[in-house]
Amino acid sequence: MKTYGTKLKKLTSAIYPIAFGVLIFIMWQTQLLHKLLNTDVYILPLPSRIAEIISDNSSKIMENVISTVEVAIPGLILGSVLGYLIAIIAALFKTYGSGGLTVISAFNAVPIVALAPVITNWTKDVSPEASVRSFAAKVIVVTIMCTASMSVNAYRGLTELKPFSEDLMKSYACGKGKTLLKLRLPNSVPYIFTALRVSVPSSVISTLVAEYFAEYITGVGRQIRENILTAQYATAWAYIVVACLIGIIMYILLILAESIFLKNRRQVLSIK
Amino acid sequence: MSEMLKNNDVEIMLKDIGMVYQADGKDVTALTNVSIDIHKGEFISLLGPSGCGKTTLLRIIADLLHPTSGEILVGGSTPKEARLKQRYGIVFQSAVLYDWRTVKKNVMLPLEIMHVKKEERVKRAMKMLELVGLTDFADSYPRQLSGGMQQRVGIARALAIKPEILLMDEPFSALDEFTREKLHEDLLRIWRKTNKTIVFVTHNIQESVFLSDRICVLSPHPGRLSAVIDVDLPRPRTAELKNTREFTELVAKVRNSFEGV
Amino acid sequence: MYRLKRIVTSKLFVTLIWILGLIIIWEVCASVVESTKRTPENILPHLSGIVDSIFSDRKVNGSQTAFQMVLDNAGATLSRAGIGFLIGTLCGFVLALLMNLSGIAEKIAFPYLMLIQMIPILGMAPIINAITGDIAKSRIIIAAILTFYPVATNTLAGFKSVEREKHELMYSYAANKLQIYIKTLIPSCIPYFFTGLKISAPMAITASILVDTLQGGIGLGCLLSQSLKGAMTRYVFWQIVFFSAFIGIMSFCLMGIIEKALTPYKNNRKTRKRV
């Protein structure tokens, strides 16, 4: 009886949001949404039309998706590794390290993507190929965006240890290096995922924005802009939907990885 | 002492109380066949190891849980009616104070909810703080107080609504031994002054012997009442009582009454 | 000796050293750029050049100096960011309240809250503009949407963090729903609410500037893209970068100051007293 009840509960918690989504979808398709927003099918095309465009241009869209993912993922990895290394250095030299992280976390408040155009200037000499130059510039933007959240969170993971665990390591006569390896690094794993939960979506978004300013025209973000400039709203919408899908798929992959790596751990839920 | 109490009114009547939880699709019996009459003005302890259902029993009295079988009457009415009439004061294991309120305002909180007039609120809060010996700290914030002082504020808050029954769920278990001994004497003094009925949940045998008129010994798996022991030590009690032979013998008697632990 | 050590390891001193270090690195790079590139202000100008340009009284567009223009446009951008921020904060708080009040509302809204993060709102600026038909309005909406998510999730976390005992206490007082919210839940969630505000305040400003760059009109971002296109001196661009960084950090600090003013019980760090 009870197990039946919990199953029912799980089912309803899925049904409500799905029902809501279907409702919006129907309102959209039947143009009720357009009346509410006081707009027309030209600016807000019907879902069927968007789906049609996606299927008609699948190969071109795929090309742009690959170009976007090729920037987002290396940027995410580079930024996260860099952020983690900064966190380790900061954790080893605590007094100056934590001060440095205060300065780095202040970068969170700086519109780094606004620097994208200048970074394009920086990479002028990287290669004679515009596509390579643009690629480097975009990766730099995404890297910077991902570094801050990883370094701040990983630092917490490396330093916010269980009470007395540091004393325990000392009693084993462990040096700084051993303590780092056996205690700090394992302790920081959940915090890495906290950081990734922030930086995975932001890596996609910053890739899209970096594409707007890039020299070489490619990527989902740039396609959104180009199509809007030429007033092809339906195509722009198709790319917007694709951009959302990239973010969602990457996020789902992250959650899956998290459930494997943190199987036996308490989740760190606080987002910083 | 117990003879005298039997003549008094019954404040809380528990009859054949049973509580069955469901966990992972299986029935877990938390309490079975518990019957106790708690008298007006009595200090009664519910004593037992973890898992014996003592907190469950307290929560049933407080109307925070509903028993799956049995009957409970509080002053002749249901626990819900008693709660709505604000006859309960509850003290938890931690003080559960509101960080953003001063000590005085913490004590005033239940009075605000009951729409007591402002002057009356302040007057009553100050009286309660005097009772627990914290007059000087009325305008401090909870963070500035030690654990023992925080728990005193919790007691003052529980008493502020002038409840007939004080329900205490392991209120001193997080405190150090020295603070706890001090609070034991204070609690007995407050009890003598206010004449409340106190139901006191604990897993500390000495504590229950020192404080109570009667001890209900609960045993686990399934939670059941395995003994009721009268404590006929003289009152008022002071810490010296703990050095007497009568006290030690009673502690031994209580310890021997546990089954299946 | 001891006192010296205390000063050297104090938080303020460490931060100052870091800022000094960053300035030195910047200047070294700028010198390298200056000696190798033809137009250093396009890549990395000296900080002194940027400061000079702020105080220079040379008119850039006939009537205004560079800094006057920046301030003028900043007013437009910041007011839009501010209005959007307020709307987003209000909506976020109300949604968190609704989600906490009703299990159904929570179930419906939760997955969509996650989804909002994935939508490239910035890219949709022109479409939102087309729907609303007004540039200022569309930018306010975007700032509001970006503010909304952190405020809603953090406030909800604040509601959920209230201990079970506090709920039971209110229950034993026979408190009604309104009293529970006013006396317990809302005051408890204030620190969480401000965590959300601290994230979203700089974000609202950043977003406003970025959205400006994608469209015309008046605003810091528009000025920024004009400067990049060479319509005026490149120093205007650098002024905007530093100005927006400053405003972003200030907005974060402002939220912290408001939080401190609202939660005096947290500042009071007198020594603990014993019985």
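Looking at the stretch A:43-60 only, could you name the residues that are over 15 Å from C:Met124 (Cα atoms), part of a loop (DSSP other than H, G, I, E, B) and touching a residue at least 60 places away in the same chain (Cβ under 8 Å)?
Listed by number, the list holds a single entry, A:Asn57.
Which condition from (1) within 30 Å of A:Val126 (Cα to Cα); (2) exposed (fewer than 12 other Cβ atoms within 10 Å of the Cβ); (3) more than 14 Å from chain A (Cβ to nearest Cβ) is the one that C:Ile23 breaks?
(3)
Is it fair to say A:Ile86 is buried (at least 19 other Cβ atoms within 10 Å of the Cβ), modelled with pLDDT of 85 or more, within 13 Å of another protein chain (Cβ to nearest Cβ) and under 25 Å from the mean Cα position of the chain (by Cα)?
Yes, satisfied.
What number of residues within the stretch B:53-107 are assigned to a loop (DSSP other than H, G, I, E, B), over 21 Å from B:Gln151 (Cβ atoms) and in contact (Cβ under 8 Å) with a residue 40 or more places away in the chain? Walk me through how you get there before you give the answer.
Going through the stretch B:53-107, the residues assigned to a loop (DSSP other than H, G, I, E, B) turn out to be B:53, B:62-68, B:75-76, B:78, B:85-87, B:92-102.
Applying the additional criterion that residues be over 21 Å from B:Gln151 (Cβ atoms) yields B:53, B:63, B:65-68, B:75-76, B:78, B:85-87.
Then drop every residue that is not in contact (Cβ under 8 Å) with a residue 40 or more places away in the chain, which leaves B:53, B:65, B:67-68, B:75, B:86-87.
Total meeting the criteria: 7.
Give the residue that is nearest to the other protein chains (Cβ to nearest Cβ), with candidates limited to residues of the stretch B:36-59 that are touching a Gly at 6+ places or on another chain (Cβ under 9 Å) and closer than 28 Å to B:Met114 by Cα.
This residue is B:Thr56.
Among the candidates C:Ile119, C:Ile108, C:Ile142, C:Ile131, which residue alone is crowded, with 20+ Cβ neighbours inside 10 Å, facing chain A (nearest Cβ under 10 Å) and of a type in the set (A, V, I, L, M)?
Unique residue meeting the criteria: C:Ile108.
Return yes or no: is B:Gly75 closer than 28 Å to B:Asp232 by Cβ and modelled with pLDDT under 90?
When the stated conditions are applied, B:Gly75 passes them.
Restricting the search to the stretch A:89-122, which residues are more than 10 Å from every other protein chain (Cβ to nearest Cβ) and in contact with a helix residue (DSSP H, G or I) (Cβ under 8 Å, 6 or more places away or on another chain)?
A:Ile89, A:Ala90, A:Ala91, A:Leu92
Given the options C:Val211, C:Val162, C:Val151, C:Val241, name the one that is more than 12 Å from chain A (Cβ to nearest Cβ), of a type in the set (Val, Ile, Thr) and assigned to a helix (DSSP H, G or I).
C:Val151
Any idea which of A:Ile246, A:Ile192 is touching a Phe, Trp or Tyr at 6+ places or on another chain (Cβ under 8 Å), at pLDDT 90 or above and under 30 Å from C:Leu197 (Cβ atoms)? Steps first, please.
Values: A:Ile246 fails: touching a Phe, Trp or Tyr at 6+ places or on another chain (Cβ under 8 Å).
Just a single option satisfies the conditions, and that option is A:Ile192.
Could you tell me how many of the residues in the stretch A:123-140 are within 14 Å of another protein chain (Cβ to nearest Cβ) and under 25 Å from the mean Cα position of the chain (by Cα)?
4
Test B:Gly25 against the stated conditions and say whether it is modelled with pLDDT under 80 and closer than 21 Å to B:Pro222 by Cα.
yes
The values are calculated or read from the model by the stated rules, or taken from the named source; none is laboratory data. As the structure is a prediction and not an experimental result, all values here were calculated from the model. Cβ: placed from backbone, ideal geometry, glycine included. Neighbour counts: every protein chain shown.
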